[in-house]
Structure formats: C-alpha cells, structure tokens
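Q: Take this structure first; my questions come after.
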Ligand code: M6R
C-alpha cells in the first residue's frame, strides 16, 4: 500500500498533484466557476451573502485563515475565521446573511460540528461544508457542500487534505466573486488557468525534496524553531510550525514577520533556526528586512522562495527556490516545502511519523 514510500505521510505529500487535480476536476471540466459546484440551490444561498464566517480546528483552521485573504481581496466581502472550540462557547452576534463555512477533513471533529450547531441555533441557515469524507456528520448537517477529493488520509499530520481544502476555498471565493459581479470573463479565465497549472507547480515543489532533506540535520538537534511569513503566507508559516511540532516534537512557533520586533526577536540566537516563507510578491522587500533583523542577532535563516526573488545564499542564509511563482495560489505551492521539512526532520529524529504521540487522526471528543 505504501509503494515506494516509507510512511503514509510521505506518500500523501507526494499524492498532492493528483489530489488537487481531482479536487478541481469539476471546475476545470465546467470551464467556469459556478454555484452548482456546491450543490442544489446553491446560487440561492450564495447570491446575497454579506460576509463569510469560517469555523474549523487545527490545520483546517489554517486553511480558513488563508482563504480569508482571498475572500476579502477577490470577492470583496468581509471574512472572519474562528477556532471552532472558541466560537461554540462565546456569545457570538449572528448575522443570518453571513455564510457559515466549516472546514473539516474528517467531517467528524466534535468541536467543528458543535460550532456549526451553535451557529444554526443563532439563526444562521446558510451553511457550507468543505470536507474530505462523503456523508460524514458535518456535511450532512450543512446546506451546501464541496467535497475535496484527497482520498483517504492516514497520516495523523494532515497534508493533502490541507492543500485540497485550499483549492476548494479558492473555488468558493471565485464563485462568490462571480455572483457579486466582481469577476469578469478575463479574470475568471486567468484564475481557472492558475488552477489548471497548479498540479504541475506542486510537482516542481515536490522535486525539491532532496534539497529540503539536506536541511533536516540542521534542525534535528534543535529544541525550538521559528516560522515567519507575511500576508497570505502567514497561515502557511503557522501550518509549517504545526507540522514540525506534531511529528518531530520540536517546539515551533509562527509569527507574522512584521511582529518580530514586538517580542519574538528576543528569542533569536544561533540556536534558533528561522524558517521564512518569502515568495516573490509585493511583501518581499518587507520580509527581506525582517530577515536582516534575524541575521543581526545570529539567527540561522532557512528561506523558501520562488524564481526572481533576487537573493542568494550567504553566511547563515540558506535558500531553496521553487522554479515558478504561482501568483494568487502561491500559499498552496509554499505548503509543500514546509511539509517536507517537517517530515525529514521527524525522520532524522526517529519519531513515529504517521502516529505521533498523544494525537488521534479524528478528534471526536472535547
Ligand atoms: O478532520 P478535521 O479537519 O476537522 O481535523 C482538524 C484537526 O484535528 C486536524 O487538522 C489536526 O490539527 C491535524 N493533526 C493537523 O495535522
């Protein structure tokens, strides 16, 4: 069942071009974004929404955080994202014109299910589930659904479920944007093209595995690591830190790079590897100055970037470059290197990669 792979996690990381291809198949075949991708009567539900509230846990929550940047930028409506176990216990102010989006790989996470029930009890009836398991509890309790087609995910650390959730959320964003008249034919064609190219770009990122593996010995003896990103790549830094802590048991934290000076810079010294997600986008110059702040304190930088970012390796600065910049879908592509890094560091430390201590695949208790 594992084929050439040593662990399910590694296999699942490598399945991502296929998983993403399958998840976007309906959109690509359709040649357009359309409400019908989300179920019957979806247009009625989605047409007049005034905002989006995303509810999820763990990695699925980080998918939601990423989507928030897309929803506000592309669809032009407010989007908030909340951890399900927090939302369910606070006095939230309901707005029935908001779309409640739950994200759950398993469809059985208790806190996410309870948050959905709570939202419904407050008067929300526009509900949409993004889920990887057909007919599981959360999609059954939701009006609309988009199934990711990652296939069974066995490794406790979520990988292909995350990137397929992201393409589902991007599809949702473009669909809402279109219904709101914010996506003209040219814009739609260009976003469809981005999606079409994505599996190939993910494959390019997977091909970086030997270079990433070569970094793992530098992380394996450490006790702490810091992950930095800005904008839409900040949630990818969070996801990278979560993967590393889950399977290698190294304490890892993620910060938006602009926050460094507000506290975490005090932690930085030669013993603190700092992973930076630094694609060639509008925030690159800002990220570069954050990197200088780290170097000035002796921190070792491990930078994931893409073509044309105009910086190379120097003392204390290690760089891995993906061959393409994939525009608005860049956070999806930049997920691959942080997954591979966590995997290879865990291997170097000899942990049980597929079944990390204290964790369960599906969290059906509080
Ligand atoms: O099945 P779900 O997507 O609802 O699960 C949510 C989290 O429990 C899950 O993402 C968890 O954080 C993973 N172990 C992360 O790798």
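Q: Within region 122-142, work out how many residues are surrounded by fewer than 21 Cβ atoms within 10 Å (Cβ to Cβ) and either under 20 Å from the mean Cα position of the chain (by Cα) or more than 13 Å from residue 106 (Cα to Cα) (or both).
A: 6
Q: Look at region 154-168 and say how many of its residues are touching a strand residue (DSSP E or B) at 6+ places or on another chain (Cβ under 7 Å) and within 12 Å of the ligand (Cβ to nearest atom).
A: So the answer is 1.
Q: Give me the residue from region 94-118 that is in a loop (DSSP other than H, G, I, E, B) and within 14 Å of the ligand (Cβ to nearest atom) and, out of that set, surrounded by the most Cβ atoms within 10 Å (Cβ to Cβ).
A: Ranking the qualifying residues of region 94-118, first place goes to 105.
Q: Within region 208-243, can you find the residues that are over 19 Å from residue 333 (Cβ atoms) and in contact with a helix residue (DSSP H, G or I) (Cβ under 8 Å, 6 or more places away or on another chain)?
A: 216, 217, 219, 220, 224, 225, 226
Q: Continuing with this model, one more query. Considering (1) surrounded by fewer than 23 Cβ atoms within 10 Å (Cβ to Cβ); (2) under 25 Å from residue 206 (Cβ atoms), say which one residue 343 fails and leave the rest.
A: (1)
Q: Okay, next question. Given (1) within 16 Å of the ligand (Cβ to nearest atom); (2) under 22 Å from residue 197 (Cβ atoms), where does residue 245 come up short, assuming only one miss?
A: Condition (2) is where residue 245 drops out.
Q: I'd like the full set of residues that are touching a helix residue (DSSP H, G or I) at 6+ places or on another chain (Cβ under 8 Å), under 23 Å from residue 67 (Cβ atoms) and assigned to a loop (DSSP other than H, G, I, E, B), limited to region 330-366.
A: Within region 330-366, 334, 363 meet the criteria.
Q: Right, another one. Does at least one position in region 307-321 carry a residue that is modelled with pLDDT under 95 and under 19 Å from residue 238 (Cβ atoms)?
A: no
Q: Out of 269, 281, report the one residue that is in contact (Cβ under 8 Å) with a residue 24 or more places away in the chain, part of a loop (DSSP other than H, G, I, E, B) and crowded, with 17+ Cβ neighbours inside 10 Å.
A: 281
Q: Can you find even one residue in region 76-93 that is part of a helix (DSSP H, G or I), touching a residue at least 24 places away in the same chain (Cβ under 8 Å) and away from the ligand (no atom under 11 Å from the Cβ)?
A: yes
Q: Does region 215-233 contain at least one residue that is at pLDDT 95 or above, in a helix (DSSP H, G or I) and within 16 Å of the ligand (Cβ to nearest atom)?
A: no
Q: Read through the list (1) in contact with a helix residue (DSSP H, G or I) (Cβ under 8 Å, 6 or more places away or on another chain); (2) surrounded by 17 or more Cβ atoms within 10 Å (Cβ to Cβ); (3) at pLDDT 95 or above, then give the number of the only condition that residue 249 fails.
A: (2)
Q: Something else: Out of the residues in region 12-68 that are in a loop (DSSP other than H, G, I, E, B) and in contact with a helix residue (DSSP H, G or I) (Cβ under 6 Å, 6 or more places away or on another chain), state the one that is farthest from the ligand (Cβ to nearest atom).
A: The qualifying residue farthest from the ligand (Cβ to nearest atom) is 33.
Q: As an exercise: evaluate residue 298 against (1) modelled with pLDDT of 95 or more; (2) under 18 Å from residue 223 (Cα atoms); (3) away from the ligand (no atom under 16 Å from the Cβ) and give the number of the one condition it does not meet.
A: (1)
Q: Next question. Among the residues of region 119-141, which ones are within 13 Å of the ligand (Cβ to nearest atom) and assigned to a loop (DSSP other than H, G, I, E, B)?
A: 132, 133, 136 - these are the residues of region 119-141 that are within 13 Å of the ligand (Cβ to nearest atom) and assigned to a loop (DSSP other than H, G, I, E, B).
Q: Only one residue in 151, 181 is surrounded by fewer than 20 Cβ atoms within 10 Å (Cβ to Cβ), within 16 Å of the ligand (Cβ to nearest atom), at positive phi and assigned to a loop (DSSP other than H, G, I, E, B), so which one is that?
A: Only one candidate passes the filter, namely 151.
The values are calculated or read from the model by the stated rules, or taken from the named source; none is laboratory data. Just so it is clear, the structure is predicted and the values come from calculations on it, not from any experiment. Cβ sites come from the backbone with ideal geometry, for glycine too, and all protein chains shown count toward neighbours.
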